[in-house]
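Reading through the structure tokens given below for one structure.
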Amino acid sequence: MRTPEEIWAGDLFGRRQEAEDLLSYLEVVTKRPSLREDNEGFVIAVDGNYGEGKTYFLKRFAENAHRSHPVAYIDAWHDDLSDDPLIALISTLERALEPYLDQTPQLKDRLAEFRRKAGAVVRLSSIGLLRKGAGLLLGAIAVDAIEEAVGETSKTAHELGMESAKNLGDTIVADAERGIADLSTGSLAQRIQNFRESEAAIHGMKAGLRAIVDTLAESPLPPPIIIVVDELDRCRPTYAIKFLEEVKHLFDVQGIVFVLGMNGDQLAHSVSATYGAGFASKAYLQRFLNRRYTLDPAPIQALVRHLFDALSLHRGRLHFPVSTSEESRGYGRADVRDMLTRYLEAYEVTARETFTIMETLETCFALTGTRRLYLGYLVPLIISHVRGHTGLLETSRKPNWHFRLHYSAGSDAVDRDIDGLAQDYENAVLMPRDQLIELMNNPSGNTYVHNEIGEDRFNYDAESLGNASMYKNLITKVSRFKSA
């Protein structure tokens, strides 16, 4: 078993403290009595945007929590192919308990009994009786959500449910619709029997879970049993919904904790696309959760440094003037990775955009040989392109530092911020040849940027992608190398 220091080695975003805080919180809330009879288990969503290390966090949280509690990690997207979350959930629970079976002989008997009772639920589910017979039990949340989505419109819940079923196929809502229809047209006695059998199977499975939790309470690694579920937002919406339904209704036992890794907005968007734009997807999903925890925003500097080194970008390729630091008024040449960080922070770039920008920069390096590239023009153009613009975007957060441009001997230095330097480059690349030469030869003129653009124009082929005047063409060409 690895030490916490080994587990959290390479923790770029400082997630260890968040993981320890989360575990402490779960230990406290799972010890107190449940506040509601119909809500014994505990489900918490760990929300985070792409690129902020959610999977890194969850895997290491699981490994670290495993030092003191039974824990298992599951990749829901990987198991999406099976189309049967119940089997995946039962298998994951058993995996969490396996290391302790030899230490606690009674636990082995409890697990065998649970497997037998869970088998009855799986059997009913496989032939459709679990959801058809107990459709009202398992589908109540969906019906409530439909009524909530209807609001004050003229549509009834039945109408909206039928519309949703056209898109969703064999869903909980559709099962409830068919179950109600069957009660009026089929054998009422048989339907009642199916309901009772389903209800008994569910109660039996939960009783088996409670027995396992009670047995673990006397073991070296006490409850809660923690099931960490990652990538739920990447699953098909129908599978994700089915997964959440079964967690809520079949594993709702005190001492069982589910930690769900997902981007809540993305999952809600997928559910809305499946059920229909009028469906209250966020309210619907919230019914499955007791709490939601949002990861701290990823510090851009750590991400930039990691990606710059991981992509093997050459520090000497990106050229930029001396600048002040944010901490002092002195001038100096910043580390190129820190300068990139300053730019991304000024444009308030997200972690997801940072990945795209850095990968675009890598391809720019690959297509321009060993040419020196001007950071003050290329990076703003890349950011604009990533955000769908063709021209230069202004920074959204004005930094409290600036560049110091020394134009020529005998002339005063001039300060430029990020926007001003980018605009100097833009003006220079569009400048006619004769005007550019005149400014380059003017001892009191703005020769810093003009000399750089002149060097490009007069020393290299006009169509070279390494020329600043060709940066927009370079970025267009790089954009053809899209992620699969």
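The values are calculated or read from the model by the stated rules, or taken from the named source; none is laboratory data. From a predicted model like this one, the values you see are computed outputs, not experimental measurements. Note that each Cβ is placed from the backbone with ideal geometry, even for glycine, and that neighbours are counted across all protein chains shown. Side chains are part of the model used for accessible areas, which takes the heavy atoms of the whole protein and leaves out ligands, DNA and RNA. Shrake-Rupley method; radii C 1.70, N 1.55, O 1.52, S 1.80 Å.
Only one entry of V247, V271 meets the criterion of being closer than 14 Å to N39 by Cα and either out of contact with any Gly (no Cβ under 7 Å at 6 or more places or on another chain) or not in a helix (DSSP H, G or I) (or both), and that entry is V247.
The number of residues in segment 383-395 that are farther than 18 Å from F355 by Cβ and either in contact with a strand residue (DSSP E or B) (Cβ under 8 Å, 6 or more places away or on another chain) or open to solvent by 70 Å² or more (accessible area, probe 1.4 Å) (or both) comes to 3.
For segment 447-481, taking the residues that are in contact (Cβ under 8 Å) with a residue 40 or more places away in the chain and among the hydrophobic types (A, V, I, L, M, F, W, C), the one that is surrounded by the fewest Cβ atoms within 10 Å (Cβ to Cβ) is identified as F481. Filtering segment 252-282 to residues that are more than 30 Å from T215 (Cβ to Cβ), among the aliphatic types (A, V, I, L, M) and modelled with pLDDT of 85 or more leaves M262, L267, A268. Of all residues in segment 350-382, those satisfying the criterion of being open to solvent by less than 10 Å² (accessible area, probe 1.4 Å), of a type in the set (V, I, T) and over 25 Å from G454 (Cα atoms) are T354, I357. If S24 passes every condition in (1) surrounded by 13 or more Cβ atoms within 10 Å (Cβ to Cβ); (2) free of Cβ contacts under 8 Å to residues at least 12 places away in the same chain but one, which one does it miss? With (1) surrounded by 13 or more Cβ atoms within 10 Å (Cβ to Cβ); (2) free of Cβ contacts under 8 Å to residues at least 12 places away in the same chain applied to S24, the lone miss is (1). Of all residues in segment 307-317, those satisfying the criterion of being surrounded by 16 or more Cβ atoms within 10 Å (Cβ to Cβ) and assigned to a helix (DSSP H, G or I) are L307, F308, R317.
Yes or no, residue by residue, for (1) under 30 Å from V336 (Cβ atoms); (2) open to solvent by less than 10 Å² (accessible area, probe 1.4 Å):
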{"position": "V253", "(1), (2)": "no, yes"}
{"position": "V271", "(1), (2)": "no, yes"}
{"position": "A277", "(1), (2)": "no, no"}
{"position": "P299", "(1), (2)": "yes, no"}
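The criterion of at least 1 residues that are farther than 16 Å from Y293 by Cβ, of a type in the set (G, A, S) and in contact with a helix residue (DSSP H, G or I) (Cβ under 6 Å, 6 or more places away or on another chain) is met by the following helices (runs of 4 or more DSSP H) wholly inside segment 7-86: 76-79. Taken over segment 208-242, residues that are at pLDDT below 90, in a helix (DSSP H, G or I) and out of contact with any Gly (no Cβ under 8 Å at 6 or more places or on another chain) amount to 6. If the condition is being small (G, A, S) and over 30 Å from L250 (Cα atoms), then segment 282-305 contributes A298, A302.
Does V271 qualify as being of a type in the set (V, I, T), within 15 Å of E245 (Cα to Cα) and out of contact with any Phe, Trp or Tyr (no Cβ under 6 Å at 6 or more places or on another chain)? Taking the combined requirement at face value, the residue satisfies it.
Hey, any hits in segment 393-409 for a residue that's within 36 Å of the chain's Cα centre (by Cα), under 22 Å from R317 (Cβ atoms) and modelled with pLDDT under 95? Looking through segment 393-409, at least one residue is within 36 Å of the chain's Cα centre (by Cα), under 22 Å from R317 (Cβ atoms) and modelled with pLDDT under 95.
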